[in-house]
Amino acid sequence: MTETALPLSETATAAHGPAGRAPRGFGAIAIFATLVVFGGIVLLPILATALNGFKELGDLQANPFGLPRVWVWKNYWDVLTGYRYWQVLGNSLLIAIMTVALTLALSSMAAFTFAHLRFFGDRYLFSYLQLGLLFPVATAILPLFIKIRDLGLLDSYWGVILPQVAFSLAMAILLLRTAFRQLPIELLDAAMMDGCGYFRYFFYITLPLSGPILSTVAVISFVASWNGYLLPLVVLNSESRYPWTLGLMGYQGQYMTSWQLVLAFITLTILPAIVMFLLAQRYIVAGLTAGAVKA
Amino acid sequence: MSTVEATYVEPVRRMSANGWATLVIFLPPALLLFTVFVALPMTEAAWFSVFNWNGYGRPEKFIGLKNYGYLIGNATFTRSLINNGLIIVVSLLVQLPLALGVAMMVAGRIAGAAVFRMIFFLPYVLADVAAGLIWRFMFDGGYGLPSVITGALGLAPYYLLADKTWAFSAVLIVVLWKYFGFHMMLYVAGLQGIDKSLLEAAEMDGATAIQRFRYITLPLLGPMIRLSVFFSVVGALQLFDIIVPLTGGGPFETTNTMVSFLYYFGITRMRVGFGSAVGVALFLICVTFAFGYRRLFMRDD
């Protein structure tokens, strides 16, 4: 189960299609029609959210799933010209980038030692780090809150970033150690023979040859951080440090009955994720599913 | 779990000075961070759970296993456990067959297969909080789907999220909507790994489509199905982000999960001991499941 590729293009599917041949005639039409119906159901809430952001409340109430009678750009314009939207996106981006950078740095170094060095207790230390795969952050959230408070990290970006990194290490180290071990051992032997130390081997050979798996780890930890809610909810108090998930809930609390404003805000906050997904769908799907499969 | 483990030949190499230097610089940062923010808090949860403590000063009021006793007798916690169970049941009985069925459709050469795969996967990319809020609108009796139906029939507005009998079904629908695409993608990957000459040979020998599915496709998808079940259960056990924006645990505390129970009754009220006991209970359930499941079903994978 180590190398399950996820071919996403049509040609790749055609070559390995499980049906053997393309469905024809009535069968194909029935399948296509079913998929159109399912696709419509899946897209309906997202489309309704985006369209309703263009309506006035009365229009929204009379006609929640149609096109706006009058396109009201003001709902979106107000969000885009307000400081709050950019502030929460900026906070999320900062937290996510720091989380990804630290996760990549710490996990690749640790995975490298487990992949290439034999030392006393190495297996136990590796199993110890793998304990992180067993339980979600929620199980330890109260003691974690106390710890963050005692370290003076409450209401700071670091109070969110460091625990996020710590909880993503287990999966990252597992994925990276496996990948590092798959690099030809002759490379290491040759490098050592030529007097290249482990440090240079790590920076000049291991990392450059591990692009795909590093991007998988990056995608997993970025998405987890970007979408994170419980940890920032517990750690952050100041609205000026809120990531977009908290900002969205705050906005909803403020404009509760004005659904058109809330829906416009939702649309704009999920827009970055949708755009990124459309631009880099190959990497994102492969990262999120292959990461799960390989671990 | 992986085959690499078995075939990897350990280099018999004495640790050089260079190796030690690498080890001393490369390993401690990860170990330190993991210990401080993952291992210690989990251990402390067990310690705090035997105290009655509001989080300030030192935990001093030792009360033994009373927090666990409160949990067992707590109707809201019992309801949360049942709700987690319901998510698992719906994931296995509805989501799994649906994801597999759709995967069979979009893994083939149907027109627009790649586009459909992307559409079904899209909700998985969105944050649970946003999904919960979008569906809070969709289920709103005054504006969303129910309003269209009650409006057309001339009935009074129906507020599903305020109906204590049926509100949790809203959570189940959102979970299905959000996560089914992920499982579909797992099955697509599994289906594409199946050698199609097997299916062709079976077809030539006169096997029907149902026989081919039952005796070739399904067994070969085994590892992927076991994986999909594993993620369904683990995901169901930690569900929280959808609950807060959608129902907030209400009405009448009927839609909590274990984690939202932990949040509303432990964290927001700073009942550190009680909340830690919930965390320990959740931890035990997760660990028991993970070990049990791997031992029973995932041995060969």
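Expected output is a single nm value to one decimal: the length gained when fully extending between A:Leu278 and A:Leu131, i.e. 0.36 nm times separation in residues minus the C-alpha distance. What is it? Could the numbers behind the result be given before it?
On the way: separation 147, 0.36 × 147 = 52.92 nm, distance 3.44 nm.
Fully extending the segment from A:Leu278 to A:Leu131 adds 49.5 nm.
Quick one: grab the alpha carbon gyration tensor of segment A:224-295, order the square roots of its eigenvalues as a ≥ b ≥ c, and give me rounded if a/c is under 1.5, else prolate or oblate depending on whether a/b is larger than b/c. Don't skip to the answer; put the middle values down first.
On the way: a/c = 3.08, a/b = 1.60, b/c = 1.92.
Taking the square roots of the gyration eigenvalues as a ≥ b ≥ c, segment A:224-295 is oblate.
What length, rounded to one decimal in nm, is gained on full extension from B:Ala114 through to B:Asn52, with 0.36 nm per residue of separation minus their alpha-carbon distance?
On the way: separation 62, 0.36 × 62 = 22.32 nm, distance 5.52 nm.
That works out to 16.8 nm of additional length.
Amide H to amide H, which residues 5 or more places from B:Phe51 or on other chains are under 5 Å from it, using H placed in the peptide plane?
Amide H to amide H, under 5 Å and 5 or more residues apart or across chains, B:Phe51 pairs with B:Ile63.
Compute the FRET efficiency between A:Leu209 and A:Ser240 as 1/(1 + (r/R0)^6), taking r as their Cβ-Cβ distance and R0 = 45 Å, and round to the nearest 0.05.
Numbers: r = 42 Å, r/R0 = 0.94.
Efficiency computed from Cβ-Cβ geometry: 0.60.
For a quick check: sort B:Val90, A:Val160, B:Val175, B:Val24 by the number of other beta carbons within 10 angstrom, fewest at the front. If you can, show how the numbers build up before the last one.
Details: B:Val90 19, A:Val160 27, B:Val175 23, B:Val24 10.
Ascending Cβ contact count within 10 Å gives the list B:Val24, B:Val90, B:Val175, A:Val160.
What ranking of B:Arg58, B:Arg109, B:Arg271 emerges when the number of other C-beta atoms within 10 Å of each C-beta is taken as an exposure proxy, fewest first?
Numbers: B:Arg58 6, B:Arg109 16, B:Arg271 20.
Fewest to most other Cβ atoms nearby, the residues stand as B:Arg58, B:Arg109, B:Arg271.
In nanometres, what is the gap between the two model label sites at A:Ile97 and A:Ala190, each 7 Å from Cα along Cα-to-Cβ?
Result for the modelled spin labels: 3.7 nm.
Rounded to the nearest Å, what's the spacing between the alpha carbon centres of segment B:81-133 and segment A:241-276? Just the number, please.
About 24 Å separates the Cα centre of segment B:81-133 from the one of segment A:241-276.
So what is the calculated 222 nm ellipticity per residue for chain A, using -39500 (n - 2.57) for each DSSP H run with n of 4 or more, over all residues, to the nearest 500 deg cm²/dmol?
Numbers: 16 runs with 204 residues, N = 295.
After summing the helix terms and dividing by the residues of chain A, the value is -22000 deg cm²/dmol.
Starting with the highest mean, order B:179-192, B:238-251, A:243-256 by the number of other Cβ atoms within 10 Å, averaged over the residues of each peptide. If you can, show how the numbers build up before the last one.
Details: B:179-192: 24.9, B:238-251: 21.9, A:243-256: 19.4.
My ranking of the peptides, most packed first, is B:179-192, B:238-251, A:243-256.
Taking 22 Å as R0, compute the FRET efficiency from the Cβ-Cβ separation of B:Ala152 and A:Leu43 and round it to 0.05.
Working: r = 22 Å, r/R0 = 1.02.
According to the calculation, E is roughly 0.50.
Grab the DSSP H runs of chain B that are 4 residues or longer, score each as -39,500 (n - 2.57), total them, divide by all residues and round the 222 nm result to the nearest 500 deg cm²/dmol. Present the calculation step by step, with values, prior to reporting the outcome.
Values: 17 runs with 189 residues, N = 301.
So the helix-based figure for chain B works out to -19000 deg cm²/dmol.
Among B:Ser49, B:Ser147, B:Ser276, which one shows the biggest mean-square fluctuation in a GNM of chain B, springs joining Cα atoms closer than 10 Å?
B:Ser147
Which trypsin sites (Lys or Arg not before Pro) in segment B:129-205 pass both tests, a DSSP loop state and at most 14 other beta-carbon atoms within 10 Å?
Working: sites: B:Arg136, B:Lys164, B:Lys178, B:Lys196; in loops: B:Lys164.
Within segment B:129-205, the qualifying trypsin sites (Lys or Arg not before Pro) (loop, at most 14 other Cβ atoms within 10 Å) are B:Lys164.
Sort B:Asp195, B:Asp128, A:Asp150 by Cβ crowding within 10 Å, fewest neighbours at the top.
A:Asp150, B:Asp195, B:Asp128
In Å, what is the Rg of the alpha-carbon atoms in segment A:82-294, and how long is Dmax?
Gyration radius and largest Cα-Cα distance of segment A:82-294: 19.9, 71 Å.
Highest first, please rank the peptides B:69-76, B:25-32 by the mean number of other Cβ atoms sitting within 10 Å of their residues. Can you show the working numbers first?
Numbers: B:69-76: 13.6, B:25-32: 18.0.
Packing proxy ranking, top to bottom: B:25-32, B:69-76.
Once you order the gyration tensor axes a ≥ b ≥ c over the Cα atoms, which shape class does the protein assembly as shown get: rounded for a/c under 1.5, otherwise prolate or oblate by comparing a/b with b/c?
Note, shape of the protein assembly as shown comes out oblate.
Per residue of A:106-113, how many C-beta atoms from partner chains lie within 10 Å of its own C-beta, taken as a mean?
Values: counts 9, 2, 2, 8, 8, 3, 4, 9.
That average works out to 6.
Which whole number gives the average, over all residues in B:273-281, of C-beta atoms from other chains lying within 10 Å of the residue C-beta?
Working: counts 1, 1, 4, 6, 1, 4, 9, 2, 1.
Mean number of neighbouring Cβ atoms from other chains: 3.
Hey, got the average number of other protein chain Cβ atoms within 10 angstrom for residues in B:133-144? Walk me through the numbers on the way to the answer.
Details: counts 12, 9, 2, 3, 11, 6, 0, 3, 0, 5, 11, 6.
Shielding by partners across B:133-144 averages 6.
Can you list the DSSP H helices in chain B whose Cα atoms extend at least 20 Å along the helix axis and whose mean Kyte-Doolittle hydropathy is -0.5 or higher? Working shown, then result.
Working: long enough: B:75-90 (22 Å, 1.25); B:167-192 (39 Å, 1.48); B:222-237 (23 Å, 1.59); B:272-297 (36 Å, 1.58).
Membrane-span-like by this criterion, though nothing is claimed about a membrane: B:75-90, B:167-192, B:222-237, B:272-297.
Cα gyration tensor of chain B, axes a ≥ b ≥ c as square roots of the eigenvalues: rounded (a/c below 1.5), prolate (a/b > b/c) or oblate? Can you show the working numbers first?
Working: a/c = 2.18, a/b = 1.07, b/c = 2.03.
Taking the square roots of the gyration eigenvalues as a ≥ b ≥ c, chain B is oblate.
Taken together, the values in this text are just the output of simple stated rules run on the coordinates, not laboratory data. Given the structure is predicted, the values throughout are model-derived calculations rather than measurements. Cβ sites come from the backbone with ideal geometry, for glycine too, and all protein chains shown count toward neighbours.
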